[in-house]
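Below: the structure, in structure tokens.
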Amino acid sequence: MKSIVLYLHMHQPYRVKHYSIFSVGHDHDYWIDKDWYTGANNERVFKKVAEKSYRPMLERLEKLIKTTDKFKLSLSMTGVFLEQAEEWAPDVIESIQRLVETGRVEIVAETYNHSLSFFVDRDEFEEEVKLHQKKIRELFNYETKVFRNTELAYNNDLAHWANDYGFKGIIAEGWDKILENRTPNKVYRPDGCDRIKLLMKNYRLSDDIAFRFSNKNWSEWPLTVDKYLRWLDAAGARGPIINLFMDFETFGENVWKDTGIFDFFDDLVRRWNDRDDCGFMTVSEACDSSDGAGTVSMPWTVTWADTERDLSAWLGNSMQHEALKAIYDLKDDVLASKDEELIMDWRRLLTSDHLYYMCTKHLNDGGVHHYFSPYDSPFDAFLYFMNAVRDVRGRAEEYKNPKDKNSKEAKQIAE
Amino acid sequence: MLGWELPPHNSGGLGVACLHLSKSLAKLGADIDFVVPYEAEHHFDYMNVLSAGHFDPEQIYRGSAYISAGIEKKRFKEGASEEMLSMRDIQKNYCEFVERYLMEFKPDLVHAHDWLTYEAGILAKKNFGIPLVAHVHATEFDRGGLDGGNPLIHQIEYEGLVWADKIIAVSQATKNIIVEKYGIPPEKIDVAYNGFDLPNVDDYHYDGSSYQYLEGLKKKGYTVVSTVGRFTLQKGLFHLMRAAARAIQIHPKMIFLFAGDGEQKDQLMRMSADLGISQNVIFTGFIRGKQLRDIYSISDIFVMSSVSEPFGLTALEAAHHGNALVITKQSGVGEVLQSIVRYDFWDEDKLAGALVNIAESPALTHTLQDGIRHEYTRISWDDVAAKCIQVYDEVSKHKRNRF
């Protein structure tokens, strides 16, 4: 029996609008861009992606579950995604609720804000995991059992944390340097952990769909279901589970409908479903299917991003480090304020996408860089973010020194 | 090659560009006669410089290459003669020289730089059948603001662009102006960005002597912001001054250096006083050579605030001296650089915000500075020359097909 373990991730950040330094001190709204057509208009982006990807793909998933006997999958949704969906596309939440009710969809745990808190502040990290679990409970009446960290950023410490926290499984990139000559198509155990299992993404087969499907310069283009099934069979010969992990937005947003991605997926699932020796598993079922084929150790952090598979797209330059420090430095003051709105705004600024937009990798190679961003440049991303950080700092300081009329921000308010 | 100035007898970027381009073209095997309107000793082993008239170079470069108004005013003297001549007279003299030259020599083509030499270029094309390449470093729309300018210059510019077999524009922004304002078909225009060759490091050392007052302020934590250029409408300096006032409001430890001279100087000085920031603004007057380089060395941030800037070589000079660059989206040089902050010339808030953030963030400053270092060195004059040769080949082929 060979099983596909399909896991799709849903996320949209709250992008900081073109927030001027002269808004600091009086405009505390960083998220609603009055200009509908900027790339930083969260409502417009969300509604667009809902139309192109969330709705049509969720509809197909629901239909596949109803019309096949074996198909199942795992999903995860960040808290900031769910908030936006509740506000701008509540039908998307309802679709996911219907899917979860079928019992053939597992929800995966992660940080509420899609943050890198694990690497900065362990208490804040755990708090965000709890907030996410709470949100999932509220909306879907579901208890998560398997954890993924932001951008699949994984190392031994994280595995130990997840083990002690009580998760039964954790997800990571199946990067060759870690697996050496072993296959990602088996269940492993993180080194030194007593109960938790490790599922490693089959990045070749996952990226064939997520990144290469629409690439006409790819030697295997066009990718047909026949061809892909042959590859799955070859993978299945090395181990019983095939971990296909990718962004949900692959379907319809990153890869457009006119490439045939939806029909490809549909056909693939049906044909796999119709074979006797083939099936599907959720991530929990995969974890339960084996005691583990061995242990895996990752002393350094590995992610699913870029050819480097590290955090350099988020923490590759000094701007990113400075921005990260600036926002986490405010934690104590912000939390002490007990101002829920302030805390929410602060947490939204922890979302790792803000740092990603400041990435300067390949910026001066002379080539076109591939880092999608709602801003004109990484420098603009930094300017708007830091302006928002200034305002959050001012708000937090007001709680600390309510009578301080000499602070920079207070002076600006007075003007 | 028809030009108007060459260093050291130049008032700005046009002369610098012509010199570097000719040098690189010669390396690729071009045999160049370069015509200038004045009389001076130029010693270049890679080309011949021909003087079209007996004018003192200084009186020409002091007020010619970049002016739009007063071109018919009698203010130049030729040689020892007492008669006063206008810019138009000098151009007429230039044309007559080119005509005499063409009666003796038959160049493969004529490469004319900006409107000042286009009439001579047209003459070569019309009367002698020599292919014409018009190189646009700036248009009258840049010099006079997008809707103004001198109608006579517009006329000359238009005719030159129409008669040219091929046009070379220094940026996409300039190409757009040529297409939109003069109705020239885009396929006739190639973009060749100006190059930047590293100056010989031996001939310049920053010793901090020129601006000791500023060095003192920097030690006290001040950030020095500079801009270099002529104080004209094109440069958008009023916006910069207002943004300076806004930035100082938030981050008082900032000094703004306005290096240059021009018709707006008095107004700018008054404005800095009215805004209450005259303590933070320094006017250097017209400077060149070491004093100018020292400006780049002492400043931390270089702003190009132009409303319309065909290219903007000064930005690359500033980058070479380690400045973080803040450049309007309307400046051509921004098209070839990535590690810069861009803003619309009217967006004083964004400019002020960028200045404050750079002043307060060492990380942003270093990322901009380090990034730009990898970028400006990639733009070489040899590449520009190679592009020109390509255009020359096209033009010559065109000619063969026709005759």
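Any read-out appearing in this document is the output of simple, stated calculations on the displayed coordinates, not a laboratory observation. As the structure is a prediction and not an experimental result, all values here were calculated from the model. Glycine gets a Cβ as well: all are built from the backbone with ideal geometry, and neighbour counts include every protein chain shown.
What FRET efficiency comes out for the pair B:GLN59/A:TRP36, r = Cβ-Cβ distance, R0 = 60 Å, nearest 0.05?
Efficiency, rounded to the nearest 0.05: 0.60.
Where both residues lie in chain A, what percent of DSSP beta bridges are antiparallel, nearest 5?
Within chain A, antiparallel bridges account for around 10 percent of the total.
What are the lysines whose alpha-carbon lies under 20 Å from the alpha-carbon of A:LYS2, with same-chain residues fewer than 8 places away excluded?
The reachable lysines, counting only those whose Cα sits under 20 Å from A:LYS2, are A:LYS70, A:LYS72, A:LYS186, A:LYS197, A:LYS201, A:LYS227.
I want to check the label-to-label distance for B:LYS397 and B:ALA80. Put each point 7 Å from Cα in the C-beta direction and report it in nm to one decimal.
5.4
Which value in nm describes the separation of the simple spin-label points at B:GLU335 and B:ARG378, placed 7 Å from the Cα toward the beta carbon?
Between B:GLU335 and B:ARG378, the label points sit 1.6 nm apart.
If R₀ is 51 angstrom, what is the calculated FRET efficiency for the pair B:ASP207 and B:ILE389, using the beta carbon separation as r and rounding to 0.05?
0.80
Treating the Cα atoms of segment B:274-403 as identical point scatterers in vacuum, please give the log10 of the normalised Debye intensity I(q)/I(0) at q = 0.09, 0.20 Å⁻¹, two decimals.
-0.36, -1.25
Note down the relative contact order for chain B as a percent, whole number, built from C-alpha pairs under 8 angstrom at least six residues apart.
On the way: 725 pairs, mean separation 57.7, N = 403.
Taking the mean separation of contacting Cα pairs over the length of chain B, I get 14 percent.
Does segment B:234-301 come out rounded, prolate or oblate, given a ≥ b ≥ c as the square roots of the eigenvalues of its C-alpha gyration tensor, rounded meaning a/c under 1.5 and, failing that, prolate meaning a/b above b/c? Working shown, then result.
Details: a/c = 2.06, a/b = 1.27, b/c = 1.62.
Oblate, because a/c is 1.5 or more while a/b does not exceed b/c.
Would you mind counting up the charge near B:ARG230? Only other residues with Cβ under 9 Å from its Cβ, with Lys and Arg at +1 and Asp and Glu at -1.
Working: positive: B:LYS235; negative: B:ASP261, B:GLU263.
Once positives and negatives cancel, what remains is -1.
May I ask you to list the chymotrypsin sites (Phe, Trp or Tyr not before Pro) in segment A:1-60 that are in a DSSP loop and have at most 16 other Cβ atoms within 10 Å of their Cβ?
A:TRP36, A:TYR37
Kindly give Rg over Rh for the protein assembly as shown, based on alpha-carbon atoms, with the Kirkwood expression for the hydrodynamic radius.
Numbers: Rg = 32.4 Å, Rh = 30.5 Å.
Rounded to two decimals, Rg/Rh equals 1.06.
May I ask you to list the GluC sites (Glu not before Pro) in segment B:1-83 that are in a DSSP loop and have at most 12 other Cβ atoms within 10 Å of their Cβ?
Within segment B:1-83, the qualifying GluC sites (Glu not before Pro) (loop, at most 12 other Cβ atoms within 10 Å) are B:GLU41, B:GLU72, B:GLU82, B:GLU83.
In vacuo Debye scattering of chain A, one point per C-alpha: log10 I(q)/I(0) at q = 0.10, 0.12, 0.14 Å⁻¹?
So the normalised log intensities work out to -0.70, -1.00, -1.35.
Only Cα pairs within less than 10 Å get springs; with that Gaussian network setup on chain A, which residue of A:THR38, A:THR68, A:THR307 has the largest fluctuation?
Maximum fluctuation in the GNM of chain A, among the listed residues, is at A:THR307.
Which cross-chain or sequence-distant (5 or more) residues have an amide H under 5 Å from the amide H of A:VAL296, H modelled 1.01 Å from N in plane?
Residues meeting the amide H criterion: A:ARG189, A:ASP191.
Return one quarter of the surface area of the convex hull spanned by the alpha-carbon atoms of chain B, equal to its mean projected area, in nm².
So the Cα hull casts an average projection of 19.9 nm².
Could you tell me how many degrees, from 0 to 90 and to the nearest 10, lie between the Cα long axis of helix A:225-236 and the main elongation axis, the longest principal axis, of the Cα atoms of chain A?
Between helix and principal axis, roughly 90 degrees.
Mind checking which of A:ALA381, A:ALA313, A:ALA234 has the largest fluctuation in a GNM of chain A, springs on alpha carbons under 10 Å?
Looking only at A:ALA381, A:ALA313, A:ALA234, the largest GNM fluctuation is found for A:ALA234.
Which number gives the lysine pairs in segment B:84-241 that have C-alpha atoms under 27 Å apart and are eight or more places apart or on different chains?
Going through segment B:84-241 pair by pair, I get 24.
For chain B, which DSSP H helices look membrane-span-like by this rule: Cα extent along the axis of 24 Å or more and mean Kyte-Doolittle of at least -1.0?
Answer set is B:87-104.
Just the Cα atoms of segment B:68-196: what Rg and Dmax do they give in Å?
Rg then Dmax for segment B:68-196, in Å: 15.5, 48.
Would you please put A:78-89, A:324-335 in order of how densely packed they are, using the mean number of other Cβ atoms within 10 angstrom per residue and starting with the highest?
Highest-to-lowest ranking by the protection proxy: A:78-89, A:324-335.
If you take every DSSP beta bridge fully contained in chain B, what fraction is antiparallel? Give it as a percent rounded to 5.
10
Kindly express, to the nearest 10 degrees and within the range 0 to 90, the angle between helix A:156-165's C-alpha long axis and the longest C-alpha principal axis of chain A.
Tilt relative to chain A: about 90 degrees.
Considering amide H positions built from the backbone, and no H for Pro or chain starts, which residues 5 or more places from A:LEU75, or on another chain, come under 5 Å of its amide H?
Sorted by chain and number, the residues that satisfy this are A:LEU8, A:GLU106, A:ILE107, A:VAL108.
Roughly what percent of Cα-Cα pairs across segment B:171-262 reach past 24 Å?
Summing the P(r) of segment B:171-262 above 24 Å gives 52 percent of all pairs.
Pick from A:PRO402, A:PRO56, A:PRO222 the residue whose mean-square fluctuation is largest in a GNM of chain A, springs joining Cα atoms under 10 Å.
A:PRO402
How high is the relative contact order of segment B:70-155, given as a whole-number percent (alpha carbon pairs under 8 Å, six or more residues apart)?
The normalised contact order for segment B:70-155 reaches 19 percent.
With label points built 7 Å along Cα→Cβ from the Cα atoms of A:VAL120 and A:ASP339, find their separation and express it in nm.
According to this spin-label approximation, the distance is 1.9 nm.
Among the chymotrypsin sites (Phe, Trp or Tyr not before Pro) in segment B:86-194, which ones are in a DSSP loop with at most 13 other Cβ atoms within 10 Å of the Cβ? Mind listing them?
Of the chymotrypsin sites (Phe, Trp or Tyr not before Pro), the ones in loops of segment B:86-194 whose Cβ has at most 13 other Cβ atoms within 10 Å are B:PHE105.
Can you compute the helix-only [θ] at 222 nm over chain A? Use -39500 (n - 2.57) per DSSP H run of at least 4 residues, normalise by all residues, nearest 500 deg cm²/dmol.
-13000 deg cm²/dmol
Once amide H atoms are placed 1.01 Å from N in the peptide plane, what residues at a sequence separation of 5 or more from B:MET254, or on another chain, have their amide H within under 5 Å of its amide H?
It is B:THR223, by chain and number.
At R0 = 56 Å, how high is the FRET efficiency between A:THR295 and B:LYS220 if r is their beta carbon distance? Nearest 0.05 is fine.
Calculated transfer efficiency: 0.45.
When only C-alpha pairs under 8 Å and at least 6 residues apart count, what is the relative contact order of chain A, in percent?
24
Roughly how tilted is helix A:261-273, in degrees to the nearest 10 and between 0 and 90, from the longest Cα axis of chain A?
The angle comes out near 40 degrees.
Rounded, prolate or oblate for segment A:237-322? Axes are the square roots of the Cα gyration tensor eigenvalues, ordered a ≥ b ≥ c, and the cut-off for rounded is a/c under 1.5.
On the way: a/c = 3.39, a/b = 1.29, b/c = 2.61.
Note, shape of segment A:237-322 comes out oblate.
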